[in-house]
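The values are calculated or read from the model by the stated rules, or taken from the named source; none is laboratory data. This is a predicted model, so every value here is computed, not measured. FYI the Cβ positions are ideal-geometry reconstructions off the backbone, even for glycines, and counts take in every protein chain you see. Surface accessibility is based on the protein's heavy atoms, side chains included, excluding ligands, DNA and RNA. Shrake-Rupley method; radii C 1.70, N 1.55, O 1.52, S 1.80 Å.
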Amino acid sequence: MKTVIVTGSTSGIGLGIAEAFASAGHNIVLNGLGSAAEIEATRSRLAGLGAGDVLFHGANMLKPDEIADLVTTAAAKFGSVDVLVANAGIQHVEKIEDFPPEKWDAIIAINLSSAFHLIRAAMPILKEQKWGRIISIASAHGLVASPYKSAYVAAKHGMLGLIKTVALEGAECGITANAICPGYVETPLVTGQIADTAKARDMSEEDVINEVILKAQPTRQFVQVSQIAALAVYLASDQAAQITGAALPMDGGWTAQ
Ligand code: NAD
């Protein structure tokens, strides 16, 4: 039984990943924003999925000391930390000349720096036990750009650099670090940006879905949360021990073009 920390796991992709690891019998540390009642309902539902226990820690990914406390609390409760899934993220879509500087700062902090703080706090534990799995939920936007997403694209490209560096530092200690690079997944993060994209591009929301979002993906289908979760579970397995420093697209062919 492993202990798996998933940042931003109260919703969307992170929640799906937490469910998959809980179903596989592992201890889970849930994290993210939301109402206390909803979070407790999620926590207790996940605790019923498998043999492991589920702890919620409300660390704000903007706050390095809270992220460090998340790792310390998880290690104290479960005796170890084995798998880190750096997933928390936000988006803002706007022309660079109108892009609010505070949105830039928040996106870099939540989508990139929080992973640094998480890994930094947990690395001594992973090195000591000579086993660890670090998985980042980056994006196709870690590999290619789209207009109006300057902060997000910069953060996700930066994430790939962080993951490659950590892969090299952990390579002789049984630690792998990889980035999953999903294309579009229908979660609250994407639903929220459809209206903003429509405004930025002067298009209807329906046209944004068909002409911008699914147009990017040759399969013309959204990626499913369960598909990303299955890849994360595989990357955490011993069979994936030689996959490290990789950026793995799951984008319906988007970045093959
Ligand atoms: P989502 O909005 O459904 O979930 C985001 C999660 O992050 C939530 O649990 C939220 O509470 C948490 N979060 C946000 N700000 C936080 C903060 N300050 N502190 C702690 N937690 C915070 O979004 P999602 O689509 O599931 O996105 C998850 C990750 O996947 C993000 O990194 C995103 O960039 C990436 N991603 C998403 C897509 C997509 O199409 N949805 C595609 C590629 C990559």
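Some notes on this structure:
- Within the range 61-78, the set of residues being surrounded by fewer than 21 Cβ atoms within 10 Å (Cβ to Cβ) and within 16 Å of the ligand (Cβ to nearest atom) comprises LEU62, LYS63, PRO64, ASP65, GLU66, ALA68, ASP69, THR73.
- Any hit, the range 142-150, residues being within 16 Å of the ligand (Cβ to nearest atom) and within 17 Å of the chain's Cα centre (by Cα): yes
- Which listed residue is within 21 Å of VAL71 (Cβ to Cβ), open to solvent by 30 Å² or more (accessible area, probe 1.4 Å) and polar (S, T, N, Q), from THR165, THR176: THR165
- Just so you know, in the range 102-151 the residues that are in contact (Cβ under 8 Å) with a residue 60 or more places away in the chain and of a type in the set (Ser, Thr, Tyr) include one that is least open to solvent (accessible area, probe 1.4 Å), and it is SER114.
- Exactly one residue among VAL85, VAL81, VAL93 is within 15 Å of the ligand (Cβ to nearest atom), open to solvent by less than 50 Å² (accessible area, probe 1.4 Å) and within 15 Å of PHE21 (Cβ to Cβ), and that residue is VAL85.
- Lone qualifier among GLY58, GLY32, GLY52 - being surrounded by 22 or more Cβ atoms within 10 Å (Cβ to Cβ) and not β-branched (Val, Ile, Thr): GLY32
- Those residues of the range 31-47 which are near the ligand (Cβ under 9 Å from one of its atoms) and at negative phi, in sequence order: ASN31, LEU33
- Residue list for the range 121-131, restricted to those being more than 16 Å from the ligand (Cβ to nearest atom) and either within 12 Å of VAL85 (Cβ to Cβ) or assigned to a helix (DSSP H, G or I) (or both): ALA122, MET123, PRO124, ILE125, LEU126, LYS127, GLU128, GLN129
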